[in-house]
1. What does the highest-first list of B:74-80, A:11-17, B:106-112, A:222-228 look like by mean Cβ count within 10 Å?
2. Return a single number: how many Lys pairs in chain A, at a sequence separation of 8 or more or on separate chains, have alpha-carbon atoms below 27 angstrom apart.
3. For q values of 0.09 Å⁻¹, compute log₁₀ I(q)/I(0) with the Debye formula on a Cα-only model of region B:119-255, without solvent.
4. Calculate the FRET efficiency for residue B:166 and residue B:205 from the Cβ-Cβ distance with a Förster distance of 35 Å, rounded to the nearest 0.05.
5. Show me, for region B:35-46, the HN-Hα J-couplings you get by feeding each phi into the Karplus relation (A = 6.51, B = -1.76, C = 1.60, θ = phi - 60°), rounded to Hz, glycine and proline as x.
6. If you rank A:36, B:130, B:145, B:172 by how much accessible surface each has, with a 1.4 Å probe, what is the order from largest down?
7. Starting from the Cα of residue A:133, step 7 Å along the direction of its Cβ; do the same at residue A:23; then give the gap between the two resulting points in nm.
8. Quote the total accessible area buried by chains B and A together, excluding ligands, DNA and RNA, probe 1.4 Å, nearest 100 Å².
Amino acid sequence: MSLERKDDHDHEAWMEEREFTRLETAYLTVLMWLDKRLRIVDYLEILENLYYKVNMQMPKSHTEQYGLDNKFWYWYPLYALGSFSTLAYIVAAISGALLGFYYSPGATGASGNPTMAYESITFIMTEVNFGFMLRSIHRWSAQVMVAAVFLHMLRVYFTGAYKEPRELNWLIGIVLISLTLLFGYTGYLLPWDQLAFWAGQIGVEMALSIPLIGEWAAQLIFGGFTPNPATLQRMYILHVFFLPFIVTTLIAVHIAIVWMQGIAEPH
Amino acid sequence: MTEDTDTTEARADGGGTGIVPPDDETPTWSERKARKQGLARTTYEYFERARREDQQLRQESDYVERDVLGFPAWPHETIRNLALTSFFVGAIVFLSATLPPHIDAPANSGVTPPTILPDWYLYWSFGLLKLGPLNPDLALLGGQKLMADRTFGVLANLVVVGAIAIVPFLNKGSARRPVEQPFWASVGVFGVILSITLAVLSVKNLFPMDSHLTFDLTFLVPFVGAFITYAVLKSMREGYMFELNRRYYRLRPPK
C-alpha cells in the first residue's frame, strides 16, 4: 500500500487491482492513452447510442406483417446486386492501386510510335510478375461493376424501391452510375492505344458540341481540341484522383442512406 | 424538471426514452427549447413533435423488438456474407484468368481505324449521338436546323438521364410490384429495350441489316415490347391482386 491518494480516476491502480491478462492490459493501456488525449469514450458512446436507436425497434416490414417471406423469395438474390457492385469497386480499387505502381501517363512522341503510357502497359503485360493477370482483374472488375450497377438500377426500378422516402437515394444513384461510366471512359483512355485515341476524339467532339461553352469545356476536360498528351494527363488525374474520392464518398452516403431508411422489401 | 407528470408514460423529448441513459447534466429537448428563440426554437419544437410521433409508432402493435427476433450477425450473417463475397471475387478472378484483355496498336492520329467503338456500356450513349435524322429542321429558319446534329445527340443523353431522374417524383403511392403498376413496368421495359436497340444502332455498320430499317426498328421495337408488357401485366393483375387481397383479408378480416 502506498501513501498516494487513490481516487476514482486512478486507472493504473484499478488495473493492478483487477489483475488483467497481458492482452487486456495492453488493450486497456492503449485505450487509456488514446482516451486521455482524444476523449474517444464520448464518441464511442455516441456510436453506441446511434446503434441501439437504429436497431432496437423497427416497424414490421410488409413481408413480415403479412407473412410473405416464402412468397417472394425469388426477388432476394437481386437484392445482392448493390453489394456486388461495391465489392467489384473494391477489387478494382485494389488492383488499380497495384497497377499504379507501374503505369506512367506519358503520351509525348511522334504519332504511331508507342508512347510511354503504351509501353508501361506492355511492360505490365509482359514483364511484371502477374502483371497481365493484374490488368485483367482490373479490367474485368470494372466491367462487372458497370454490369452490376446497371442491373442494380433495373432491380430498384422494377421493385419500386425508388418510391417515396427514397427519391434522394435514387438521384444519388443516377449520379453514381454516371460517374461509374465516366470512370470506365477515363480508364480505357489510359493505355493510349488506337481505341483510346479515337474514343478520346469522340469525347472531344462531344465536349465541343455543347453550345456557347463548348470550346471552354473541351479545354477544361481534354486540354485541347484533339487528343494530345494533356488529354491523357487529365484523364489520368480524373481516374486516379478526382473520381475515386468523389465516388467513394457518394457510395458511403448512398449506403448510409440505405442503412438509415432500411431496405425496400419486395411486396 | 417536471417530475409531477405521469411517470408511467414514456417521455418523448429526448430526455427519458433513450436506451443509453443520459447523465444528469444532459439537457432534454424541452430544456434546450426553453433557452432558444426564433428558428432554433422552431427546430426544437419540430424535434419534439417528431419524437412524439416516433413514440406513438413504437407503441403501435406492428412494431417488433429486433434485438430479440434478429438474426445474429456472428456467425450466421458474417459467414453467409463471406461466402457470397469470396464466390463473387472468385468469379471475377475466373473471368480475368479465362478472358484476358488485349491491347490495340499504339495511338496514331494519322490512321483512322475501320470501327471506332467505346466499351459496351457506352453503346446506348453512342447510339444517341446518331439521332441526326430526328433533329427537326425548321421551315421558319428556311430549312435550317436549330442546333447541330452533334449538339442534338449530346442533348439526347441529358434528356435520357433527366427522364430517369424524375421518375420518383412522377410515380407516387405504395404500389411496388410490376403487376400492381403495369404502366410503370412497361415504361421500364421500354427503357431497357430502347437501351439495347440504341446499342444496336451504334454498331449499325457491323449489323447485317439495312441502316434505315435499323433506325426505324430502334424506336418501334421498344414500343412493341412496352405494349406487350402492359397487356400481359394488366391481364395478370386481377388474379394477382385477388390472391394478395385474400391473404390480406385472412390476416385482417374486415370489421
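The values are calculated or read from the model by the stated rules, or taken from the named source; none is laboratory data. If you're wondering where the values come from, they're calculated on a predicted model, not measured in any experiment. Positions of Cβ are backbone-derived with ideal geometry, glycine not excepted, and every protein chain shown enters the neighbour counts. With ligands, DNA and RNA removed, areas are computed over all heavy atoms of the protein, side chains included. Shrake-Rupley method; radii C 1.70, N 1.55, O 1.52, S 1.80 Å.
1. Details: B:74-80: 10.0, A:11-17: 12.4, B:106-112: 16.0, A:222-228: 17.9.
Answer by packing, highest mean first, reads A:222-228, B:106-112, A:11-17, B:74-80.
2. Values: A:6/A:36; A:53/A:163; A:60/A:71; A:60/A:163; A:71/A:163.
Lysine pairs satisfying the spacing and distance rule in chain A number 5.
3. -0.42
4. Details: r = 34 Å, r/R0 = 0.98.
The formula returns an efficiency of 0.55 here.
5. Coupling constants for region B:35-46: 8, 9, 9, x, 4, 4, 5, 4, 4, 5, 4, 5 Hz.
6. Working: A:36 175, B:130 55, B:145 80, B:172 105 Å².
Result, largest first: A:36, B:172, B:145, B:130.
7. The two pseudo-label positions are separated by 3.4 nm.
8. Working: alone 20660 and 19030 Å², together 32220 Å².
That pair of chains buries around 7500 Å² in total.
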